[in-house]
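Take a look at the structure below.
Every number here is computed from the coordinates shown, using simple stated rules; none is lab data. Here the structure is a predicted model, which means the values were calculated and not measured. Ideal geometry is used to build each Cβ from the backbone, glycine not excepted, and the neighbour counts take in all protein chains shown.
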Amino acid sequence: MNSILFYDGDCGFCQKSVQFVLKHEKKPIFKFAPLQGEVAAKLLPANITQNLDSVVVYQDGKMLTESNAILFITKNLNFPFLFFFIFKIIPSPIRDYFYRIISKNRYKFTNSGKMCKISDENVKKRFLN
């Protein structure tokens, strides 16, 4: 079952996070799309695509945002990163509080907003507009 991971396409930190997921996922279950793209405009509510402060995982008509999206992603990563799923025991409002701190400062973590070049054709097919 494929999930779409929506990310801020103008954010270098977010793009590096996508590259991290590509490198460490157990199976290639994710497709990737920028929150500023056409797919996001069709599938997500306007308040999500205009806000851009949350990674979004979309699967079977359901959306996960903020820390719940991150936990879903970590659950699908290789060892040792899948162990971050243990943070599920922390109540969502507390996890989301820390997520928002990182989200609001994400542009400070990287210098570039330019998309990383992807040469593998199989990986390119997983990126949606």
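Under 12 Å from a point placed 7 Å out from the Cα of residue 127 along the Cα-to-Cβ direction: which residues of the stretch 1-21 have their backbone N that close? Those under the cut-off are 9-10, 15-16, 18-19. Once both labels are positioned 7 Å from their Cα atoms along Cα-to-Cβ, the gap between residue 60 and residue 90 label points is 2.8 nm. Taking amide H as placed 1.01 Å from N in the peptide plane, residue 32 has its amide H under 5 Å from the amide H of 5, 127, 128, each at least 5 places away in sequence or on another chain.
If I take R0 = 22 Å and measure r between the Cβ atoms of residue 100 and residue 78 in this structure, what FRET efficiency does the formula 1/(1 + (r/R0)^6) give, to the nearest 0.05? Don't skip to the answer; put the middle values down first.
Working: r = 27 Å, r/R0 = 1.23.
Computed FRET efficiency for residue 100 and residue 78: 0.20.
For q values of 0.20 Å⁻¹, compute log₁₀ I(q)/I(0) with the Debye formula on a Cα-only model of the chain, without solvent. Debye intensities relative to I(0), on a log10 scale: -1.32.
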